[in-house]
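Participant: Take a look at this one; I'll ask things after.
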Number of protein chains: 2
Amino acid sequence: MQAIPQENIKDASQGLRAIAHELRLAVLCHLMNGPMCVAELLEATGASQSNLSQHLAKMRMMGILKNERRGTQVYYRIADPAFEGLIMALKNIYCPEMCT
Amino acid sequence: MQAIPQENIKDASQGLRAIAHELRLAVLCHLMNGPMCVAELLEATGASQSNLSQHLAKMRMMGILKNERRGTQVYYRIADPAFEGLIMALKNIYCPEMCT
DNA sequence: TGACAATATTAGATTATTATAATATTGTTC
DNA sequence: GAACAATATTATAATAATCTAATATTGTCA
């Protein structure tokens, strides 16, 4: 009996890689509080427009985020609530004092 | 109130990168069942000796694994049980049917 | 001490990620 | 439909991650 069976290791490691980046992780954390449009994420992260857009695209393609157009703006949100569990587990490691 | 505060994002993303690799994740999963020596991990993963050794070194330096020499063999184990929580959260995403 | 077993390290070429700059797309308003 | 705002895409140069092959280290035992 193994934590994650061999057949799922490849997918799981790809999923990890998809969030294993400073900017992408920051985006994910911001989106924990609900959907945000790109302009808001730009403001919140301080990234360049092009760079943020590319990272959003990557997370979208990896199935981590979903987006929805509203007029001229595009809103992003976390696609699968299970990813929030992952963030929480991370938080437990890197800022345990916040996790009482 | 944010999932992981900005000041911890860098560390957390580095920690993620440290396990965001097929072989390293496989090693971590094997070690969920208890310590193993390098030869056993070689057998279990099918990696080359040099390659495995380098990945073990990386995880050791990132504080994810600890090692202990016993005679001519070296045993590895998960350094911080909180990492097991991370694996479980991953499992919840990539093989939810196993998580009832 | 010499030979062997187990593991670690180094050097190197290859491939993957990343950031920036430039350009393109899409929607809105007049 | 022209001008603008918001976002996406492409090209590309720079950096980082990876694997293999070769070599080094450490411990055991005769």
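Participant: State yes or no: is A:Gly15 within 15 Å of DNA strand C (Cβ to nearest atom) and open to solvent by less than 20 Å² (accessible area, probe 1.4 Å)?
Facilitator: Details: within 15 Å of DNA strand C (Cβ to nearest atom): yes; open to solvent by less than 20 Å² (accessible area, probe 1.4 Å): yes.
Yes, satisfied.
Participant: Could you tell me whether B:Ala26 is more than 12 Å from DNA strand D (Cβ to nearest atom), of a type in the set (A, V, I, L, M, F, W, C) and in a helix (DSSP H, G or I)?
Facilitator: Values: more than 12 Å from DNA strand D (Cβ to nearest atom): no; of a type in the set (A, V, I, L, M, F, W, C): yes; in a helix (DSSP H, G or I): yes.
Here the answer is no, as B:Ala26 does not meet what is asked.
Participant: Just checking, does the range A:33-53 include any residue being assigned to a loop (DSSP other than H, G, I, E, B), among the aliphatic types (A, V, I, L, M), open to solvent by less than 50 Å² (accessible area, probe 1.4 Å) and more than 10 Å from DNA strand D (Cβ to nearest atom)?
Facilitator: Here is the first cut: in the range A:33-53, the residues assigned to a loop (DSSP other than H, G, I, E, B) are A:33-35, A:46-48.
Going one step further and asking which of them are among the aliphatic types (A, V, I, L, M), we end up with A:47.
Then keep just the ones that are open to solvent by less than 50 Å² (accessible area, probe 1.4 Å); that gives A:47.
Narrowing further to those that are more than 10 Å from DNA strand D (Cβ to nearest atom): A:47.
Looking through the range A:33-53, at least one residue is assigned to a loop (DSSP other than H, G, I, E, B), among the aliphatic types (A, V, I, L, M), open to solvent by less than 50 Å² (accessible area, probe 1.4 Å) and more than 10 Å from DNA strand D (Cβ to nearest atom).
Participant: Does A:Arg77 fit the bill of being more than 7 Å from chain B (Cβ to nearest Cβ) and at pLDDT 95 or above? If you could, list the steps in order and put the result at the bottom.
Facilitator: Details: more than 7 Å from chain B (Cβ to nearest Cβ): yes; at pLDDT 95 or above: yes.
Answer is yes for this residue.
Participant: Looking at this structure, is A:Asn8 open to solvent by 20 Å² or more (accessible area, probe 1.4 Å), more than 16 Å from DNA strand C (Cβ to nearest atom), modelled with pLDDT of 95 or more and of a type in the set (S, T, N, Q)?
Facilitator: Values: open to solvent by 20 Å² or more (accessible area, probe 1.4 Å): yes; more than 16 Å from DNA strand C (Cβ to nearest atom): yes; modelled with pLDDT of 95 or more: yes; of a type in the set (S, T, N, Q): yes.
Yes.
Participant: Here is a further query. Does A:Glu68 satisfy the condition of being touching a strand residue (DSSP E or B) at 6+ places or on another chain (Cβ under 9 Å) and either away from DNA strand C (no atom under 16 Å from the Cβ) or more than 10 Å from chain B (Cβ to nearest Cβ) (or both)?
Facilitator: Details: touching a strand residue (DSSP E or B) at 6+ places or on another chain (Cβ under 9 Å): yes; either away from DNA strand C (no atom under 16 Å from the Cβ) or more than 10 Å from chain B (Cβ to nearest Cβ) (or both): yes.
It is true that A:Glu68 is touching a strand residue (DSSP E or B) at 6+ places or on another chain (Cβ under 9 Å) and either away from DNA strand C (no atom under 16 Å from the Cβ) or more than 10 Å from chain B (Cβ to nearest Cβ) (or both).
Participant: Could you list, ordered by first residue, the pairs with Cβ atoms under 6 Å in which the first is in the range A:1-24 and at the interface with chain B (Cβ under 7 Å from one of its Cβ atoms) and the second is outside any loop (DSSP other than H, G, I, E, B) and open to solvent by 30 Å² or more (accessible area, probe 1.4 Å), at least 6 apart or interchain?
Facilitator: Cβ pairs passing all conditions: A:Asn8/B:Tyr94; A:Ile9/B:Glu22; A:Lys10/B:Glu22; A:Asp11/B:Tyr94; A:Ala12/B:Tyr94; A:Ser13/B:Glu22; A:Ala20/B:Arg17; A:Glu22/B:Lys10.
Participant: Could you run through the range B:54-89 and say how many residues are assigned to a helix (DSSP H, G or I), touching a residue at least 24 places away in the same chain (Cβ under 8 Å) and open to solvent by less than 20 Å² (accessible area, probe 1.4 Å)?
Facilitator: 5
Participant: Only one of (1) facing chain B (nearest Cβ under 7 Å); (2) open to solvent by 80 Å² or more (accessible area, probe 1.4 Å); (3) of a type in the set (Ser, Thr, Tyr) is not met by A:Tyr94, so which one is it?
Facilitator: Condition not satisfied by A:Tyr94: (2).
Participant: Which one of these does B:Ala3 not meet: (1) modelled with pLDDT under 95; (2) open to solvent by 30 Å² or more (accessible area, probe 1.4 Å)?
Facilitator: It fails just one condition, (2).
Participant: Before we move on, is A:Ala57 out of contact with any strand residue (DSSP E or B) (no Cβ under 6 Å at 6 or more places or on another chain), within 22 Å of A:Lys91 (Cβ to Cβ), of a type in the set (Gly, Ala, Ser) and within 12 Å of DNA strand D (Cβ to nearest atom)? Quick ask: steps written out before the conclusion?
Facilitator: Working: out of contact with any strand residue (DSSP E or B) (no Cβ under 6 Å at 6 or more places or on another chain): yes; within 22 Å of A:Lys91 (Cβ to Cβ): no; of a type in the set (Gly, Ala, Ser): yes; within 12 Å of DNA strand D (Cβ to nearest atom): yes.
No: the conditions fail for A:Ala57.
Participant: Restricting attention to the range A:21-40, does a residue exist that is in contact with a Cys (Cβ under 7 Å, 6 or more places away or on another chain) and among the charged types (D, E, K, R)?
Facilitator: At the first step, the residues of the range A:21-40 found to be in contact with a Cys (Cβ under 7 Å, 6 or more places away or on another chain) are none.
Within the range A:21-40, none of the residues are in contact with a Cys (Cβ under 7 Å, 6 or more places away or on another chain) and among the charged types (D, E, K, R).
The values are calculated or read from the model by the stated rules, or taken from the named source; none is laboratory data. Bear in mind the structure is a predicted one, so any value in this text is a computation, not a measurement. With ideal geometry, Cβ positions are generated from the backbone for all residues, glycine too; neighbour counts draw on all protein chains shown. These accessible areas exclude ligands, DNA and RNA; they are computed on the full protein's heavy atoms, side chains included. Shrake-Rupley method; radii C 1.70, N 1.55, O 1.52, S 1.80 Å.
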